[in-house]
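Accompanying notes for the structure given below.
The values are calculated or read from the model by the stated rules, or taken from the named source; none is laboratory data. Because the structure is a prediction, the values reported are computed rather than measured. Cβ atoms come from the backbone with ideal geometry, glycine included; neighbour counts cover every protein chain shown. Accessible surface is based on the protein model in full, side chains and every heavy atom, while ligands, DNA and RNA are left aside. Shrake-Rupley method; radii C 1.70, N 1.55, O 1.52, S 1.80 Å.
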Amino acid sequence: MKERLKELQLEALERVEKASTLSDLQDIRVAYLGKKGPITEVLRGMGKLSQEERPIIGELANKVREGIANELDVKKAKLEAKELDKKLEQETIDITLPGRPVQVGGPHLLTSIVQEIEDLFIGMGFEIREGPEVETDYYNFEALNLPKGHPARDMQDSFYITEDLLLRTHTSPVQARTMGEYKGSQPVKMICPGKVYRRDTDDATHSHQFTQVEGLYVDKDVRMSDLKGVLNSFAKQLFGEDREIRLRPSFFPFTEPSVEMDISCKVCNGKGCSVCKRTGWIEILGGGMVHPRVLELAGYDPKVYNGFAFGMGPERIAMLKYGVDDIRHFYANDVRFLKQYHKAE
Amino acid sequence: MFVSLNWLRNYVDIENITPEELAEKITKTGIEVEGIEYIADQSSNVVVGFVNECEKHPNADKLNLCQVDVGDEVLQIICGAPNIAQGQKVAVAKPGAVLPGNFKIKKAKLRGVESNGMICSLQELGIEEKYVPKDVAEGIFVFPEESEVGVNALQLLNLDDAILELGLTPNRSDALSMLGVAYEVSAILDVPIRLPEEGVETGTEKASDYVSIKVEDPDLNPYYGAFVVKDIQIGPSPLWIRNYLMAAGIRPINNVVDITNYVLLEYGQPLHAFDFDQFGSKEIVVRRAHDGEKMITLDDEERTLKSDHLVITNGQQPTALAGVMGGANSEVSDQTTTVLLEAAYFAPSAVRTSSKDHGLRSESSTRFEKGVDPNRVKRAGLRAAQLLTKYANGTLLSGIVEFDQLDKSEVEVNIQTNKINNRLGTEISKETIADILRKLNFNYDQDGDDFTIHVPTRRQDITIFEDMIEEVARIYGYDNLPYTLPQGASQAGGLTNQQQLKRNVKNYFESAGLMEAITYSLTTKQRANLLISPEIKSKAEVPVALAMPMSEEHSTLRLSILPEMLDSLAYNIARKQPNLGYYEVGTVFVSEQKIVTEQPEEKLRATGAVTGEWISHPWQQEKRVVDFFLVKGIVEGLFRKLNLSVEYKQVKIDGMHPGRTAQIYLQERPIGFLGQVHPKLQKDYDLKDTYVFDIDLDYIFELHDIEPSFLKIPRYPSISRDIALVVKEEVYAGAIQSTIEEAGGSLVKEVQVFDVYQGEHLAKGTKSIAFNILYLDPEKTLKDEEVEKSYQAILSAVQDVHQAELRG
């Protein structure tokens, strides 16, 4: 009987080995392990065996049975995996076809630049203030030390609505308004971005509407070297650590001393090229120490408080940073232009 | 201001510095040098030649064959200039010379005759046409007889010069003169300055016998000096004066005019020369013009005057518009023999008004407008008189006839060493400050660390302590200031809630597929009246208009962003970009006044427009053309994001499709609209179907609370029920939805339309709308009976209110 069992085991394992489908396996299972199968038959004939032999053969028969069952399971798993592979193979798609389109919008380049500037100054403890685009003559000019008849009013011919109302020519009135709000008794540390308007005929470098970001810091004991430090840190973050900056004396009615800030030309690295008009430097902003008259008009005692102010044009910065060659691009809303600057951030 | 460096050399020593280095130093010290121009950059080998012989070319009518002595040889040169003649001294470009424009001179044969060089006009040597004296504009330039043959002609013409173009800020009018620039360069380079002499011999006759002065308004004319110069011989001015004028951009005319212009440039003091014999009287009266009074100025224009304009008169008629332009009646001409020379101080405001009203900006008016140096007025007159006696053969009569109430005193400014350092963040010593003042040529008294500065009157821009800080800082060098950071108490910067919300709203639109546009705030009058949201229209009487627009195109402030945004769509479509989705967040300008006297209210709007295909080139699905529900979906998304619930009501708005426009209400208040642009307007703009929205952001920001408050996540499951109703076509889904929400009770969490059907399976004139109703009890597990009760209530309510029937 032993021999018969071993024979059966060999025979069954061989058939399992050869089986290639799940139904083959099922047949084998029925044939060898089923109630009418040969192993059951062997077990039935155990009655003829001696007392001693019975458990030995019984154990052997169970082992054979388990061995076959195990092999069947292993083989089944193998065949199932193979069948799944085959099924998945048939499900293959053309992954080079395009995905279902999703509309993607994005910010205007000017908004990106302004936000970048805002975030840099927020990091240095500045708040952001806004103000009206239609201003009074007082806030646009007089509060900024530009009384009626001042020659510097020529510098910025304006769009007047009435004798007293105009489209603001700079965002500086927001500075005067903020100081007025703080009533001369607390420090002011703010920037004011916004639209401004001047009587210019639109061409490649002029626009009757453009953007400005101005900043103001008023406190006790503000030094001109602070202005230099803040602007330096701002410019390096915006334009890159490798840019050099320099300040030149200049003139604005609302600051004294006044400065203009240049950065070293990126195109030629300061050697001189057509972009920087052979000077190696590109002007990017103006500023200075707040004129005592401006402080006084806003209710700050210039003997106690002083400060610095600065202003810059995001269009110009965008033109320098990205090589935009015509200021009218910013207002034509040509989708081909706008899309170039939708950064995936 | 154009500064000839050869001219500047007369006053300061600049031999050891290149024009580029000098320009860099001037720029860094405060006056921007905008350009350096070398007139005769490439010219060489051009000398003075004497025309020995001049005959007609044997083979050409218009050419002359000349033998020209150039010192070391005689060259045969063919010349086509009409004014060439034997005996002239001319500029000869010898073979090998290179003229401006890289024009190389070579030996050549012209009509069979050899020519060894070229006789040059001033234009050919690099002088701009407009500065070339009229008498030689059509031909070659002729040197004065005394010129030496064979010398470098370019040097003689000052064409070896470099010219700095200064971009002057309004405060630095002191540098509108060669002396002013010389003072600046003297301070920068620390070299001494040499001032011109003004000494002049006078004749025996007294000027006061010829003329008297009466000034009616001393505030406007605190100084008037009259110099009488007799025996004048009008002719060309000396070559060096002509050269300097051309370098500075002024065309030479004759000796008298050239000398007044020369002194204007040298001293920064405008002068005027009258022909004394044509002046019309012996009395100079300076007064305000009479309203409506007329005069003809030098440019032959008739000017109508007002009492704001200051005039010089002969007691009867105006002879000059003070500080701006002389009168034609007393103009210096070739016949002039006696010159009445005016050196005066006119108030800046008076000159500015005249210049502005008559659209006349001259070298004179720009200087008077900024305020000339009170201590240089008379000196400039003397300098001109001196040059007239020297170069126009004149005789100055003794005694200057003058009216003088001019304040010539110097302003005093006190500075303290420590205060300077506190403001600049520096540690400059008092010795360094003293040295800076010396370089600037400022007089001062020093008491230890304190200085009292007597500011020279040429520097009208310095009046207060801060002005002196700048002077010290710029000579010390802005480059030498340290970099520091503010030492005040630090505060946290940041965005306000509204600013953060504005950014969030913009981000939302971008994630919804729209691109940000920025359009002009100024539009046309016609467009300013289009597509205005009802809540704006009910407030704004009329759009706010500019008093004096530059063009109709940008004449009126917008009441809606849409008209210009539609223009941007059209702009792109014309460039073959037909599929567009834009938004803009910006202000519109609302005034409740018919005649605007107060600042308009500036309302923040979120506006958008879509046109064309929303999804193009899909390979799996139908392409989607924009429609009402696309825009509504975008708008709904915004309010979901802001956690605000709004209602939509049908509305009619000018410029919008009457059946496809919805007004948006937030808490009963109208806050904007959305819908399709009226097909007629679409056609005007050349647009296909275009859908837009326009929303009031101010009110939204007012209501919206940016901090999200925590809502418990429901622990119990929800139950969902569908209900399909058949109603008449004209019943609005929104109305049924409201009924369902109302009738369903507090357990109804959400109601959503999921299907709308109209067609063969339904009776004509009806439609079916299917809703999904979500029930939730946050406190316990829902029971079927509760849901069923609510469902029945809903059913009977929609049957009552909308005659709806359950769809079988």
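Side notes on the structure shown:
- Selection of segment A:12-50 for residues being polar (S, T, N, Q), free of Cβ contacts under 8 Å to residues at least 40 places away in the same chain and within 26 Å of A:Leu84 (Cβ to Cβ) yields A:Ser23, A:Gln26.
- Scanning segment B:582-599 for residues that are touching a residue at least 60 places away in the same chain (Cβ under 8 Å) and open to solvent by less than 10 Å² (accessible area, probe 1.4 Å), we see that the one that is farthest from A:Arg168 (Cα to Cα) is B:Tyr582.
- Just so you know, in segment B:488-503 the residues that are surrounded by 15 or more Cβ atoms within 10 Å (Cβ to Cβ) and assigned to a helix (DSSP H, G or I) include one that is nearest to the other protein chains (Cβ to nearest Cβ), and it is B:Gln499.
- Any hit, segment B:712-724, residues being loosely packed, with under 13 Cβ neighbours inside 10 Å, among the hydrophobic types (A, V, I, L, M, F, W, C) and either part of a loop (DSSP other than H, G, I, E, B) or at pLDDT 95 or above (or both): yes
- Test for A:Glu130: is it at the interface with chain B (Cβ under 10 Å from one of its Cβ atoms), in a strand (DSSP E or B), touching a strand residue (DSSP E or B) at 6+ places or on another chain (Cβ under 9 Å) and not β-branched (Val, Ile, Thr): no
- Residue match in segment B:543-565 (condition: surrounded by fewer than 20 Cβ atoms within 10 Å (Cβ to Cβ), closer than 21 Å to B:Lys688 by Cα, within 11 Å of chain A (Cβ to nearest Cβ) and touching a residue at least 12 places away in the same chain (Cβ under 8 Å)): no
- Residue in segment B:697-711 that is in contact with a helix residue (DSSP H, G or I) (Cβ under 7 Å, 6 or more places away or on another chain), within 30 Å of B:Leu501 (Cβ to Cβ), buried (at least 16 other Cβ atoms within 10 Å of the Cβ) and β-branched (Val, Ile, Thr) present: yes
- Restricting attention to segment A:96-146 and to residues that are over 28 Å from A:Gly240 (Cβ atoms) and of a type in the set (Phe, Trp, Tyr), the residue that is farthest from the chain's Cα centre (by Cα) turns out to be A:Tyr138.
- If you go through segment B:182-198 and pick out every residue that is of a type in the set (A, V, I, L, M, F, W, C) and open to solvent by 10 Å² or more (accessible area, probe 1.4 Å), you end up with 5.
- For A:Val230, the criteria (1) more than 21 Å from A:Gly288 (Cβ to Cβ); (2) within 9 Å of chain B (Cβ to nearest Cβ); (3) out of contact with any Lys or Arg (no Cβ under 8 Å at 6 or more places or on another chain) hold in every case but one, which is (1).
- Residues that are under 15 Å from B:Leu424 (Cβ atoms) and open to solvent by 10 Å² or more (accessible area, probe 1.4 Å) were ranked within segment A:206-227; the one that is farthest from the other protein chains (Cβ to nearest Cβ) is A:Asp221.
A quick yes/no check of all residues on (1) in a strand (DSSP E or B); (2) more than 14 Å from chain A (Cβ to nearest Cβ); (3) of a type in the set (S, T, N, Q):
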residue: B:Arg367; (1), (2), (3): no, no, no
residue: B:Val372; (1), (2), (3): no, no, no
residue: B:Arg376; (1), (2), (3): no, yes, no
residue: B:Leu382; (1), (2), (3): no, yes, no
residue: B:Ala385; (1), (2), (3): no, yes, no
residue: B:Asn393; (1), (2), (3): no, yes, yes
residue: B:Glu402; (1), (2), (3): yes, yes, no
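- Those residues of segment B:314-331 which are open to solvent by less than 20 Å² (accessible area, probe 1.4 Å) and within 20 Å of B:Ser362 (Cα to Cα), in sequence order: B:Pro318, B:Thr319, B:Ala320, B:Leu321, B:Ala322, B:Gly323, B:Val324, B:Gly326, B:Gly327, B:Ser330
- Condition met for B:Asp174 (modelled with pLDDT under 90 and either in a helix (DSSP H, G or I) or within 30 Å of B:Glu15 (Cβ to Cβ) (or both)): no
- For segment B:450-461, the candidate set comprises residues that are at pLDDT 95 or above and of a type outside the set (Ser, Thr, Tyr); within that set, the residue that is most open to solvent (accessible area, probe 1.4 Å) is B:Asp450.
Yes/no matrix, rows are residues, columns are (1) under 39 Å from the mean Cα position of the chain (by Cα); (2) without any contact (Cβ under 8 Å) to a residue 40 or more places away in the chain:
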{"residue": "B:Leu310", "(1), (2)": "yes, no"}
{"residue": "B:Asn329", "(1), (2)": "yes, no"}
{"residue": "B:Phe346", "(1), (2)": "yes, no"}
{"residue": "B:Arg352", "(1), (2)": "yes, yes"}
{"residue": "B:Val372", "(1), (2)": "yes, no"}
{"residue": "B:Ala392", "(1), (2)": "no, no"}
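- Among residues that are open to solvent by less than 50 Å² (accessible area, probe 1.4 Å), more than 10 Å from every other protein chain (Cβ to nearest Cβ) and of a type in the set (Ser, Thr, Tyr), A:Thr169 is included.
- Breaking point among (1) among the basic types (Lys, Arg); (2) touching a residue at least 60 places away in the same chain (Cβ under 8 Å); (3) more than 10 Å from chain B (Cβ to nearest Cβ), for A:Lys339: (3)
- Residues that are at pLDDT 95 or above and open to solvent by 20 Å² or more (accessible area, probe 1.4 Å) were ranked within segment B:240-270; the one that is farthest from B:Trp7 (Cα to Cα) is B:Val257.
- Verdict on B:Ala81 being surrounded by 13 or more Cβ atoms within 10 Å (Cβ to Cβ) and within 14 Å of B:Val47 (Cβ to Cβ): no
- Whichever residue in segment B:457-482 is within 32 Å of the chain's Cα centre (by Cα), of a type outside the set (Lys, Arg) and assigned to a loop (DSSP other than H, G, I, E, B) and, among such residues, is farthest from the other protein chains (Cβ to nearest Cβ): B:Thr457
- Of all residues making up segment B:656-684, the number that are modelled with pLDDT under 95 and open to solvent by less than 40 Å² (accessible area, probe 1.4 Å): 1
- When restricted to residues that are open to solvent by less than 90 Å² (accessible area, probe 1.4 Å), out of contact with any strand residue (DSSP E or B) (no Cβ under 6 Å at 6 or more places or on another chain) and within 30 Å of B:Val625 (Cα to Cα), segment A:52-104 contains 5.
- In segment A:233-269, residue nearest to B:Ala489 (Cα to Cα) [restricted to those that are within 11 Å of chain B (Cβ to nearest Cβ) and within 26 Å of the chain's Cα centre (by Cα)]: A:Ser233
- Helices (runs of 4 or more DSSP H) fully within segment B:232-310 counting 3 or more residues that are aliphatic (A, V, I, L, M): B:239-248, B:255-267
For (1) more than 17 Å from B:Glu146 (Cα to Cα); (2) among the charged types (D, E, K, R), each residue gets a yes or a no:
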| site | (1), (2) |
| --- | --- |
| B:Lys56 | yes, yes |
| B:Asp61 | yes, yes |
| B:Asn64 | yes, no |
| B:Gln67 | yes, no |
| B:Gly71 | no, no |
| B:Leu75 | yes, no |
| B:Gln88 | no, no |
| B:Ala93 | yes, no |
